[in-house]
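The values are calculated or read from the model by the stated rules, or taken from the named source; none is laboratory data. None of the values given here were measured: they were computed from a predicted structure. Heads up, the Cβs are rebuilt from the backbone with ideal geometry, glycines too, and the neighbour counts pull from every protein chain shown.
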Amino acid sequence: MPQDCWIIALPSRSLPRRKPVAVEVDGVPLVLFRDAKGRPQALLDRCPHRSVPLSMGWVRGDRVICRYHGWEFEGDGMLRKIPSDVEPTVPKKCATPYPVHEAAGSIWVWPGTGEPGDLPAEVLTAPRSWRAAVGGLLARFRFRSN
Amino acid sequence: MSFPSEAKPLWDATLGVPNHWYIACPASRVGSEPIPVDLAGNHLEVGRDRTGRVIAPTGGLTVVESGPYVWAWAGDRPPEGHAPRLGALDRPGYRFTQRTVRVKANYHWVLENSLDFSHSAFVHPWTQPSWLLHKLWGLPAMTATYQATPTGLEVRSSLGDWLLFWHRFVLPDRLELVILPTSPCPLEVVVHHVPETRTFTRMEVLVAMKAWPWQRRDCRFYPDSLLVHRQDVVIVEAQQTWIDRFPDEHERHCAADAYTLLMRRVLKAACEGGWDPGDSLTPRSVAIRI
């Protein structure tokens, strides 16, 4: 049973734009991807059509696209396009979304079924990564020396 | 016409439809030294006796040679009729190539993948024209007319009045695809999806293509696999892994799944005692983009 807590899925730098990444968080297989604005999104790594991992596909705009039949999903689990359909696809929620948050240089996921709580304050205020931390120190040093 | 938007697969993983002829191996692979063959959960060895006749010294299945294949009867009843004779081999002026492709997946999923042509634009970069069409102009809207037959089902896909593909599923495991069937030199692909075990399928692929005047009109076995087959293997094996992991999850369907769902009905009925098309013989049409 997945825990009701925030868990680090992977470092921020390991989640590129336009490429879905498969991770397993507390026994839950997830596909992580970034939407058009760079925000991380998390879905259960299974296409509801033919059960192919969505992480085998690719990302275009806000959507992750299944490699098997090109079904397109947004981060909220909404199915936006079925390419083989002649009629426009009626949006329908059929993929399983998971709460996700990017903070302190990491992608955090809530794999449980309970209502997600807030990330701890120290996480939200922590530097994004060691590079960001070093960069911040240097900036502060430069600021002081000026 | 309406389609079920959500349904569970109709069957459990099976070892194929009982009491049918299945391909044991390409005939050219069999010599005096027996070769091992897995078929519908049976393990047998196939070889030739001193007269060149095909025999199965172990395994207990009846084997015969017909055309470019060795066939074995799998079932609890004695063999019925003759081993199938493939109509594709009767095309005059054609040459034939054989390949064997193994897939770590149940044969239902491999068979569905072969029948379903709406995946070509996504699974087959550089190996299927529909992938390039999709990249350049988008997927064209076509009409797929499908109907059950006493031995399975068939699907005719047309672009306007132009018949592009003709798929035919023949129980227990054969899929015949004719590309541009009304052209002077149609390409025909016959694929048998032999269930070796519950988790392994052996695809026996026979391609019939028009021979150039300088080419030999023979049937050759090639031990390599083509990229187009490897692309299918990757996707179906991933699908099988995930089906095993999420056995209770439902599927969502779309219009292009209509004939795949009909094939599930055919297979389920055949596994449970016999396929009777009943009123399904009436052709139905569905507009899809492929």
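Among what's in the stretch B:220-243 and is among the acidic types (Asp, Glu) and farther than 18 Å from B:Arg198 by Cα, pick the residue that is farthest from the other protein chains (Cβ to nearest Cβ).
Kept after step one, since they are among the acidic types (Asp, Glu), are these residues of the stretch B:220-243: B:224, B:232, B:237.
Keeping just the survivors that are farther than 18 Å from B:Arg198 by Cα gives B:224, B:232.
Working: B:Asp224: 24, B:Asp232: 10 Å.
Ranking the candidates gives B:Asp224 first.
From the list A:Gly75, A:Gly57, A:Gly117, exactly one residue is more than 25 Å from B:Trp109 (Cα to Cα) and modelled with pLDDT of 85 or more. Which is it?
On the way: A:Gly57 fails: more than 25 Å from B:Trp109 (Cα to Cα); A:Gly117 fails: modelled with pLDDT of 85 or more.
One residue alone meets the criteria, A:Gly75.
Residues are listed down the side, and each one gets a yes or a no for (1) among the hydrophobic types (A, V, I, L, M, F, W, C); (2) in contact with a Phe, Trp or Tyr (Cβ under 9 Å, 6 or more places away or on another chain); (3) away from chain A (no Cβ under 13 Å):
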site: B:Phe117; (1), (2), (3): yes, yes, no
site: B:Ser130; (1), (2), (3): no, yes, no
site: B:Leu133; (1), (2), (3): yes, no, no
site: B:Tyr146; (1), (2), (3): no, yes, yes
site: B:Gly160; (1), (2), (3): no, no, yes
site: B:Val170; (1), (2), (3): yes, no, yes
Worksheet item: What are the pairs, 6+ residues apart or on separate chains, where a residue within the stretch B:240-256 that is in the same structural domain as B:Asp116 (by TED's automatic domain parsing) and in contact (Cβ under 8 Å) with a residue 40 or more places away in the chain has its Cβ under 6 Å from a residue that is among the hydrophobic types (A, V, I, L, M, F, W, C) and crowded, with 19+ Cβ neighbours inside 10 Å?
Response: B:Gln240/B:Ala105; B:Gln240/B:Trp109; B:Cys254/A:Ile82; B:Ala255/B:Val286; B:Ala255/B:Ile288; B:Ala256/B:Ile288
Worksheet entry | Residues of the stretch A:35-62 satisfying the condition of being basic (Lys, Arg), closer than 21 Å to B:Ser120 by Cβ and more than 7 Å from every other protein chain (Cβ to nearest Cβ) | A:Arg60
Worksheet, complete the sentence: For B:Gly93, the lone unmet condition from (1) surrounded by 16 or more Cβ atoms within 10 Å (Cβ to Cβ); (2) assigned by TED's automatic domain parsing to the domain that holds B:Thr201 is (1)
Worksheet item: If we keep just the residues of the stretch B:134-163 that are of a type in the set (S, T, N, Q) and part of a strand (DSSP E or B), which is nearest to B:Pro277 (Cα to Cα)?
Response: B:Thr149
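Kindly indicate whether any position in the stretch B:244-260 is among the small types (Gly, Ala, Ser), under 19 Å from B:Arg202 (Cα atoms), facing chain A (nearest Cβ under 9 Å) and part of a helix (DSSP H, G or I). Before the answer, list the steps.
First, pick out the residues of the stretch B:244-260 that are among the small types (Gly, Ala, Ser): B:255-256, B:258.
Those still in the list that are under 19 Å from B:Arg202 (Cα atoms) too: none.
Checking the stretch B:244-260: not a single residue is among the small types (Gly, Ala, Ser), under 19 Å from B:Arg202 (Cα atoms), facing chain A (nearest Cβ under 9 Å) and part of a helix (DSSP H, G or I).
Are any of the residues in the stretch B:272-287 more than 17 Å from B:His119 (Cα to Cα), in a helix (DSSP H, G or I), among the hydrophobic types (A, V, I, L, M, F, W, C) and within 12 Å of another protein chain (Cβ to nearest Cβ)?
At the first step, the residues of the stretch B:272-287 found to be more than 17 Å from B:His119 (Cα to Cα) are B:272-285.
Keeping just the survivors that are in a helix (DSSP H, G or I) gives B:278-281.
Checking the rest, the ones that are also among the hydrophobic types (A, V, I, L, M, F, W, C) come to B:281.
Among the residues that remain, those that are also within 12 Å of another protein chain (Cβ to nearest Cβ) are: none.
The answer is no, given that none of the residues of the stretch B:272-287 is more than 17 Å from B:His119 (Cα to Cα), in a helix (DSSP H, G or I), among the hydrophobic types (A, V, I, L, M, F, W, C) and within 12 Å of another protein chain (Cβ to nearest Cβ).
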Worksheet item: Out of the stretch B:110-147, which residues are under 16 Å from the mean Cα position of the chain (by Cα) and of a type in the set (A, V, I, L, M, F, W, C)?
Response: B:Val110, B:Leu111, B:Leu115, B:Phe117
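Quickly run through the stretch B:222-236 and pick out the residues that are surrounded by 17 or more Cβ atoms within 10 Å (Cβ to Cβ) and of a type outside the set (A, V, I, L, M).
Scanning the stretch B:222-236 gives B:His229, B:Gln231, B:Asp232.
Name the residues in the stretch B:88-115 that are assigned to a helix (DSSP H, G or I) and away from chain A (no Cβ under 14 Å), would you? Let's see the steps before the verdict.
Residues of the stretch B:88-115 that are assigned to a helix (DSSP H, G or I), as a first pass: B:88-90, B:107-115.
Within the stretch B:88-115, B:Ala88, B:Leu89, B:Asp90, B:Tyr107 meet the criteria.
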Discussion item. Please go through the stretch A:63-95 and give me each residue that is buried (at least 17 other Cβ atoms within 10 Å of the Cβ), facing chain B (nearest Cβ under 8 Å) and in a loop (DSSP other than H, G, I, E, B), ordered by number.
Written reply: A:Cys66, A:Arg67, A:Tyr68, A:His69, A:Gly70, A:Ile82, A:Pro83, A:Ser84, A:Cys94
Response to the item:
Flagged pairs (Cβ under 6 angstrom, 6 or more apart or on separate chains; first in the stretch B:120-148, without any contact (Cβ under 8 Å) to a residue 60 or more places away in the chain; second basic (Lys, Arg) and surrounded by 15 or more Cβ atoms within 10 Å (Cβ to Cβ)) are B:Phe122/A:Arg67
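Please work out if B:Arg216 is among the basic types (Lys, Arg) and within 14 Å of chain A (Cβ to nearest Cβ).
When the stated conditions are applied, B:Arg216 does not pass them.
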